[in-house]
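Undergrad: Structure incoming, see below.
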Amino acid sequence: MNKRRPISSPVPRNDGPPRWASRLLEWYCKPSLFEDLQGDLLEYFERNVESKGMIRAKLIYIVDVLKFFRLYTVQKPQILKRMNQFYIFGNYVKTSVRSMARNRLFTTINVVGLAVSMSVGLLIIAFVSDLFSYDNFHENKDRTYRLIAKDLRSNGSVMELATTSVKAGVNIREEVPEIENLTIMRRGFDRDVQVADKVIQVGGFWADESFMDVFSFKLLKGNPGTALKEVNSLVLTETTARKLFDDTDVVGRIVKLDTASYQVTGVLEDIPKLSHIRFEALASFATVAAEEPDMDGGFYNWENIYMSHTYMTVKEGSDLAAIQEKLDKISETENAALEGRTIDLFLQPIDEIAVGHHYTNETGSTMNIIALWILIGLGAVVIISACFNYTNLSIARALRRSKEVGIRKVVGASKGQVVAQFLTESVLISLLALVISFGLFLVLKRQFLSLHSFLSNLVSLDLSFNVVLAFAAFAIVTGIVAGLLPAIFFAKIRSLAVLKGASAILSSKRLGLRRGLIVVQYVFSLIFITTTLIGYVQYKGMLSYDLGFSTSNIVNIRLQNNKPEIVEARMAALPEVEQISKSAMVTSLGSTWGTQAKYQEDSGFVWQNGINEQYLPLHRHTLLAGRNFEAKAQSAAETEVIVNEKLLARFNIAQDNVAEAVAEVLTIEGKRLAIIGVVKDFHYETLEDPIEPTVLRYESQPGGYLNVKVNTTDLSATIASLELAWDEIDPVHPMDAKFYDEQIEQAYSQFSVMLKVIGFLAFLAVCIASMGLFGMVVFATETRLKEISIRKVLGAGEGSLIYLLGRGFLWLLGIATAIALPVTYLFFDQVVLAQFAFHAPIGFTELFGGVAVVLVIAFLMIVSQTMKAAGTNPAQILRNE
């Protein structure tokens with residue numbers, strides 16, 4: 001007797017049924033029937049092979065496959081499944097639109113709240129997109145690094161710089177084989193360029209011939225390999241070339257820089273906005289290097305770390321740790337010759353420059369990564385607050401929507417379908433809000449960029465395809481976040497609970513969630529508004545802080561390489577001018593100039609400024625001992641110095657009697673300078689920094705600034721008079737002059753920008769939270785109309801009704817206040833103001849002012865709705881009872 005092969009055993013390819021017929025069966029048969037039907041057909045096929053032969057068995061198999069093509073065996077086509085899904089989704093959309101139309105007030109509150117908050121989100125998305133797009137046009141961006149320096153002094157002060165010494169770059173070229181290309185750039189190329197009678201001021205860098213190898217700036221005209229090789233070579237950008245020649249085909253043309261002639265050897269495409277290096281022209285590094293041929297001179301000195309930038313591309317696959325070890329070895333060798341100072345070198349990826357740690361001597365605007373995360377966090381808080389509104393109002397409407405959900409579940413809707421329904425509704429509201437928020441974004445964009453030149457220089461906020469996609473994705477995510485809790489809440493409602501009424505649906509746990517969301521919203525709102533008030537008071541305090549000298553009615557005019565005596569003589573002829581002094585720099589603005597000083601065997605770092613004999617009386621510095629400088633010829637040797645109290649304390653000079661410090665000698669830059677006067681401590685730096693040892697050195701004609709004391713009540717007219725006088729002296733350069741008080745305000749302008757941003761967010765947060773509270777008050781009033789009517793019939797007055805409806809909300813605001821104020825106070829006291837060595841104390845008014853504003857808004861909303869409810873006729877409300 002022949003044994004039959006098990007069905008599960010594979011049939012040999014030549015002896016099995018036709019493969020195309022088996023595939024046809026698999027294609028049309030329902031998955032639930034396929035396995036059994038195929039097994040039966042294979043069993044019949046094997047019997048027919050044994051009894052009727054292979055050919056007839058195959059024919060019978062084909063006929064059976066075609067015979068079973070019936071309605072009960074055929075699966076639905078995929079397109080019908082998809083059409084069914086589209087139909088279900090369309091039903092979700094239709095139901096959502098009807099629900100939104102029926103509840104216009106709540107829909108409006110949600111749409112407006114989300115639109116306002118999302119406009120901030122769109123602004124942040126565009127801002128972040130710009131920041132992380134910096135320098136993307138460089139081909140070797142992932143292998144390009146900037147060399148940074150950390151300057152550590154013996155007194156513990158640390159300065160982190162984006163600049164390094166020229167010698168550092170030269171040593172790396174010779175001693176680090178992992179470097180593929182390296183370029184050195186020098187700051188300070190700000191020159192007047194002349195062609196015939198046309199003179200324009202041009203800013204840029206001295207750059208060596210490897211500049212084009214490291215960076216991917218597009219050279220339109222000229223040879224990238226030789227454009228910056230020869231002495232007195234000049235590369236212009238398109239815009240600069242047109243300003244000078246009204247053309248860009250200018251390679252080989254000659255221009256004058258001061259008294260020297262330069263040849264134009266290249267024209268670059270205009271520098272992209274999102275480049276951390278920006279310039280109008282590049283001059284060959286060989287030109288400035290030729291002036292200092294001695295490798296041991298100041299130009300190549302290891303300590304000369306303030307003027308040169310070094311960039312490099314590393315070879316593919318290089319070990320950065322090994323490169324750092326070589327940099328450490330170079331630093332160790334060079335630092336051995338230094339006294340009381342070490343300079344260490346590090347690599348910084350080029351994509352961490354625009355967004356990252358800020359270094360001294362940056363080539364452009366940068367955004368601190370911590371500040372960026374704070375900005376993103378603040379925007380997220382506003383958006384989450386609007387999402388809380390949606391959650392609160394959706395759950396508050398649970399009694400009305402629960403019947404809808406209960407019916408859906410009775411007719412067979414699953415939890416997933418209920419969740420999909422409510423998420424569809426929330427996403428639709430979010431997409432509707434996106435349309436409105438985009439219009440708000442276009443308005444906010446202009447206002448945001450106009451807050452400060454720092455922002456307009458940093459980003460452009462232009463729209464791209466990727467940014468638009470991010471906007472759409474952001475709207476969908478916001479809709480999902482806003483609708484997720486309500487969707488889950490409604491999905492958990494049981495049909496039986498609907499019949500039991502509101503108490504079975506709105507449990508204490510769910511009411512607690514709603515109350516908790518209201519508290520969180522108002523915690524955020526109070527933190528924002530209190531932060532704004534405290535910050536504003538502190539900012540105004542900084543502007544009016546006693547700096548230790550007078551800044552009133554002083555105009556600081558930058559000399560821009562003009563002869564100080566000529567400018568002084570012309571300005572002194574103006575009737576508004578009372579007094580004029582000269583200084584190398586303007587103090588208390590954040591700019592610094594320091595050097596090493598030595599007293600006996602003790603040496604330390606000190607700040608310094610070059611001044612003439614008119615400086616101290618014009619700025620009303622208090623002279624505690626000794627005398628002021630006396631007028632000297634410019635060629636006279638420097639022998640005297642004036643110091644502040646802090647310097648005496650630092651070097652332990654005449655601690656008991658400052659007069660004893662007079663005639664003591666300091667050694668500064670190899671010069672022995674006698675102390676002739678001691679001034680009262682003043683703020684050389686900003687209020688963020690403590691007062692440090694400072695020396696005032698005499699210069700009869702310092703080439704930095706003219707300090708002009710004016711006596712006028714019309715400040716704008718005075719500036720106009722100064723500009724007319726300046727134009728007579730220098731028709732090429734526009735006058736760079738500002739009132740000292742205005743410069744101090746600009747020194748804290750980033751603090752002002754942050755205040756404006758936080759203040760704007762505070763306004764939005766309070767508005768959004770108030771809209772949510774308004775919706776909750778309206779809903780609470782509507783659901784308690786019968787109770788209010790009964791109480792009115794029993795004699796309740798309007799005051800008692802206001803107390804009845806408002807006490808719960810005011811209690812929640814009280815909890816929010818108890819959380820928000822301590823958090824805000826501690827944040828400012830321990831974090832923000834801890835950054836400032838000098839600041840005003842936090843007062844009661846700014847701490848509780850925000851609370852008063854929020855309470856007044858909440859009280860007005862509660863009173864308005866209660867009065868509206870109290871004005872209804874109880875007979876109309878209770879007639880059906």
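The values are calculated or read from the model by the stated rules, or taken from the named source; none is laboratory data. These numbers were taken from a predicted model, which means no experiment stands behind them. In this analysis, Cβ positions are derived from the backbone assuming ideal geometry, glycine residues included, and neighbour counts consider all displayed protein chains.
Undergrad: Of the numbered conditions (1) surrounded by 21 or more Cβ atoms within 10 Å (Cβ to Cβ); (2) more than 24 Å from Gly364 (Cα to Cα), Val193 satisfies every one except a single condition; which is it?
TA: (2)
Undergrad: Consider segment 720-746. How many of its residues are surrounded by fewer than 20 Cβ atoms within 10 Å (Cβ to Cβ) and assigned to a helix (DSSP H, G or I)?
TA: Qualifying residue count, segment 720-746: 13.
Undergrad: Scan segment 266-282 and give yes if some residue there is farther than 30 Å from Asp462 by Cβ, buried (at least 19 other Cβ atoms within 10 Å of the Cβ) and of a type outside the set (Lys, Arg), otherwise no.
TA: Among the residues of segment 266-282, not one is farther than 30 Å from Asp462 by Cβ, buried (at least 19 other Cβ atoms within 10 Å of the Cβ) and of a type outside the set (Lys, Arg), which makes the answer no.
Undergrad: While we're looking at this one, here's another question. Give the residues of segment 836-881 that are closer than 20 Å to Gln521 by Cβ, among the aromatic types (Phe, Trp, Tyr) and modelled with pLDDT under 80, sorted by residue number.
TA: Residue satisfying the conditions is Phe859 alone.
Undergrad: Okay, next question. Search segment 278-294 for residues that are under 10 Å from Ala207 (Cβ atoms) and pair each with any residue that is at pLDDT below 80 and among the acidic types (Asp, Glu) when their beta-carbon atoms are under 7 Å apart and the residues are at least 6 apart or on different chains.
TA: none
Undergrad: Here's a follow-up. Scan Ala717, Ala769, Ala674 and give me the residue that is of a type in the set (Gly, Ala, Ser) and part of a strand (DSSP E or B).
TA: Ala674
Undergrad: Checking Asn561 against (1) of a type outside the set (Val, Ile, Thr); (2) farther than 16 Å from His683 by Cβ; (3) surrounded by 14 or more Cβ atoms within 10 Å (Cβ to Cβ); (4) modelled with pLDDT under 90, which single condition isn't satisfied?
TA: (3)
Undergrad: Something else now. When you look at Leu375, is it aliphatic (A, V, I, L, M) and under 29 Å from the mean Cα position of the chain (by Cα), yes or no?
TA: Criteria met by Leu375.
Undergrad: Considering only segment 614-634, how many residues are touching a Ser or Thr at 6+ places or on another chain (Cβ under 9 Å), outside any helix (DSSP H, G or I) and surrounded by fewer than 16 Cβ atoms within 10 Å (Cβ to Cβ)?
TA: Residues that pass the stated criteria total 4.
Undergrad: What tally of residues in segment 700-718 results from selecting those that are hydrophobic (A, V, I, L, M, F, W, C) and under 29 Å from Thr639 (Cβ atoms)?
TA: Of the residues in that region, 2 qualify.
Undergrad: If you don't mind, another one. What tally of residues in segment 136-189 results from selecting those that are in a strand (DSSP E or B) and either at negative phi or among the acidic types (Asp, Glu) (or both)?
TA: Total satisfying the criteria: 25.
Undergrad: Can I ask one more? Given the condition modelled with pLDDT under 90 and at negative phi, answer yes or no: does some residue in segment 611-631 qualify?
TA: The answer is yes, given that some residue of segment 611-631 is modelled with pLDDT under 90 and at negative phi.
Undergrad: Hey, any hits in segment 655-662 for a residue that's in contact (Cβ under 8 Å) with a residue 60 or more places away in the chain, assigned by TED's automatic domain parsing to the domain that holds Asn562, over 23 Å from Tyr545 (Cα atoms) and not in a strand (DSSP E or B)?
TA: The answer is no; no qualifying residue exists.
Undergrad: Please specify each residue of segment 201-217 satisfying the condition of being part of a strand (DSSP E or B) and aromatic (Phe, Trp, Tyr).
TA: Phe205, Trp206
Undergrad: A further question on this structure: Quickly run through segment 663-695 and pick out the residues that are out of contact with any helix residue (DSSP H, G or I) (no Cβ under 8 Å at 6 or more places or on another chain), within 22 Å of Ser544 (Cα to Cα) and buried (at least 17 other Cβ atoms within 10 Å of the Cβ).
TA: Phe682, His683, Tyr684, Glu685
Undergrad: Kindly state which helices (runs of 4 or more DSSP H) lie completely within segment 430-527 and contain at least 1 residues that are out of contact with any strand residue (DSSP E or B) (no Cβ under 6 Å at 6 or more places or on another chain) and at pLDDT 90 or above.
TA: Result: 465-491.
Undergrad: Follow-up question, since we're still on this one. From the set of residues in segment 32-69 that are outside any helix (DSSP H, G or I) and among the aromatic types (Phe, Trp, Tyr), which is surrounded by the fewest Cβ atoms within 10 Å (Cβ to Cβ)?
TA: Filtering first and then ranking leaves Phe69.
Undergrad: Where the second residue is assigned to a strand (DSSP E or B) and crowded, with 19+ Cβ neighbours inside 10 Å and the first is acidic (Asp, Glu) and lies in segment 306-335, which pairs have Cβ atoms under 9 Å and are six or more apart or on separate chains?
TA: Hits for this filter: Asp328/Leu345; Glu334/Ile343.
Undergrad: Collect the residues in segment 528-552 that are part of a loop (DSSP other than H, G, I, E, B) and in contact with a Phe, Trp or Tyr (Cβ under 7 Å, 6 or more places away or on another chain), keeping them in residue-number order.
TA: Within segment 528-552, Tyr545, Leu547, Gly548, Phe549, Thr551 qualify.
Undergrad: Here's another thing I want to ask about it. Any idea which residue in segment 635-648 is nearest to Leu673 (Cα to Cα), counting only those that are outside any strand (DSSP E or B) and in contact (Cβ under 8 Å) with a residue 40 or more places away in the chain?
TA: Glu638
Undergrad: Among all residue pairs at least 6 apart or on different chains, which show Cβ distances below 6 Å where the first residue, located in segment 734-750, is more than 16 Å from Met585 (Cα to Cα) and the second is aliphatic (A, V, I, L, M) and crowded, with 18+ Cβ neighbours inside 10 Å?
TA: If the second residue must be aliphatic (A, V, I, L, M) and crowded, with 18+ Cβ neighbours inside 10 Å, the pairs left are Tyr748/Met542.
Undergrad: Further question: Filter segment 587-613 down to the residues that are touching a helix residue (DSSP H, G or I) at 6+ places or on another chain (Cβ under 8 Å) and buried (at least 21 other Cβ atoms within 10 Å of the Cβ), then identify the one that is farthest from Ser550 (Cα to Cα).
TA: In this case the residue turns out to be Ala597.
Undergrad: Kindly list the number of the only condition in (1) at pLDDT 90 or above; (2) touching a helix residue (DSSP H, G or I) at 6+ places or on another chain (Cβ under 6 Å) that fails for Glu325.
TA: Of the numbered conditions (1) at pLDDT 90 or above; (2) touching a helix residue (DSSP H, G or I) at 6+ places or on another chain (Cβ under 6 Å), the odd one out for Glu325 is (2).
Undergrad: Ok, one more. Within the set of pairs 6+ apart or on separate chains, which have a first residue in segment 204-224 that is in contact (Cβ under 8 Å) with a residue 60 or more places away in the chain and in the same structural domain as Gly266 (by TED's automatic domain parsing), a second that is basic (Lys, Arg) and not in a loop (DSSP other than H, G, I, E, B), and C-beta atoms under 7 Å apart?
TA: These pairs meet every condition: Phe205/Arg186; Phe205/Arg187; Trp206/Arg186.
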